[in-house]
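J.: Structure provided below as structure tokens; questions to follow.
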Amino acid sequence: MNVDIKGAPIYFEIPILGGIPISASLLVTWGVMLVLTGLSIWLTHDLKVKNISKRQAAAEFIVKTAENFVHTNMGEAWMHYTPFIAAIFGLSILGSLSSLLGLFSPTADISTTMAWALVVFVIITATKLRTNGLGGYLKGFCDPIFVMAPFNVLGEVFTPISMAFRHFGNIVSGMVISALIYAALTVANQALFGLLPGVIGDWLGAIPFLTVGIPAIVSLYFDWFGSFMQAFIFCMLTMMFIASAAE
């Protein structure tokens, strides 16, 4: 079993499956998918045309918001991508917020964001091939002149890499900054109350006064706002790349 710097298990093996390594990010991702699936089933259960419930109203609001999001950024012709974009957004934001429950955030694992980016890359490539054909796709690497072909190929290859590392890097940096601030406040708390003489200083220094409040404010930005923004940016890039692939 491998562990991270906090001592939490990242990988463990299941003997009955031949010792196949299972990562914590994979387990949490499956858990997030189960939550999203269960939530979708619950929200869309017993739908009505009239006298709809609050649950159905919430479901309709979510669907309408997702449709407007895709329609605004991609256009009417791309509305069939709405479930895909909504699924990526839901996986991203809930995966990032899972760290609030003490779980390992899947978006802090480069293999997770790279897998999403590769799926997007396959869709982009398939769209280009469907639009321009194989010949047109290969010819596109020579625009505007053939000497640009190596650079265009590199740009194509680095598209999923940049998407994956942008999402992964921002989530990990937020986690690191939050951990450093918490550690610094812990040390400052012990140093401040340690100035008091005797047992009183030792007793008060052991109580984490300074770690209450400030980390919550930091978490509000990095965990909540940061998670939403990274999910939003990843979906925006996905829609932009797919729509531009058909041009």
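J.: How far is the Cα center of the range 74-96 from the Cα center of the range 132-148, in Å?
T.: 30 Å
J.: Just to check I understand the Karplus step: with θ = phi - 60° and J = 6.51 cos²θ - 1.76 cosθ + 1.60, what whole-Hz values come out for the range 26-38, glycine and proline as x?
T.: Taking θ as phi minus 60°, the curve returns 5, 5, 5, 4, 4, x, 5, 5, 5, 5, 5, 5, x Hz for the range 26-38.
J.: Report the FRET efficiency, 1/(1 + (r/R0)^6), for Asn132 and Phe232, where r is their Cβ-Cβ distance and R0 is 30 Å, rounded to 0.05.
T.: 0.50
J.: How big is the range 25-179 by Rg and Dmax over its Cα atoms, in Å?
T.: Over the range 25-179's Cα set, Rg and Dmax evaluate to 19.5, 64 Å.
J.: May I ask you to evaluate 6.51 cos²θ - 1.76 cosθ + 1.60, the Karplus curve with θ = phi - 60°, for each residue of the range 41-57 and list the ³J(HN,Hα) values in order in whole Hz, giving x for glycine and proline?
T.: Along the range 41-57, the couplings run 5, 5, 5, 9, 7, 6, 6, 10, 8, 10, 6, 6, 7, 5, 4, 5, 4 Hz.
J.: Let me ask something else. Using the Karplus equation 6.51 cos²θ - 1.76 cosθ + 1.60 (θ = phi - 60°), what ³J(HN,Hα) coupling, rounded to whole Hz, does each residue of the range 95-103 give in order, writing x for Gly and Pro?
T.: Result, rounded to whole Hz: x, 5, 6, 5, 5, 5, 8, x, 8.
J.: How many percent of the accessible area of the range 85-139 is carbon or sulfur, using a 1.4 Å probe?
T.: 75 percent
J.: Give me the three principal axis extents of the range 64-143 from the C-alpha atoms, as integers in angstrom, largest value leading.
T.: 50, 31, 17
J.: Summing Lys, Arg as +1 and Asp, Glu as -1, what charge do residues with Cβ under 15 Å from the Cβ of Gln56 carry, Gln56 excluded?
T.: Residues near Gln56 contribute +3 overall.
J.: Still on this structure, please answer the following. Taking a temperature of 10 °C and a viscosity of 1.306 mPa s, what whole-number D in µm²/s does Stokes-Einstein yield for the range 24-93 with Rh from Kirkwood over alpha carbon pairs?
T.: My calculation gives 118 µm²/s for D.
J.: Which of the lysines could be linked to Lys139 by a straight reach, that is with a Cα gap under 28 Å, when you skip same-chain ones fewer than 8 residues away?
T.: Lys128
The values are calculated or read from the model by the stated rules, or taken from the named source; none is laboratory data. What you see is a predicted model; the values in this text were computed from it and never measured. Cβ atoms come from the backbone with ideal geometry, glycine included; neighbour counts cover every protein chain shown. These accessible areas exclude ligands, DNA and RNA; they are computed on the full protein's heavy atoms, side chains included. Shrake-Rupley method; radii C 1.70, N 1.55, O 1.52, S 1.80 Å.
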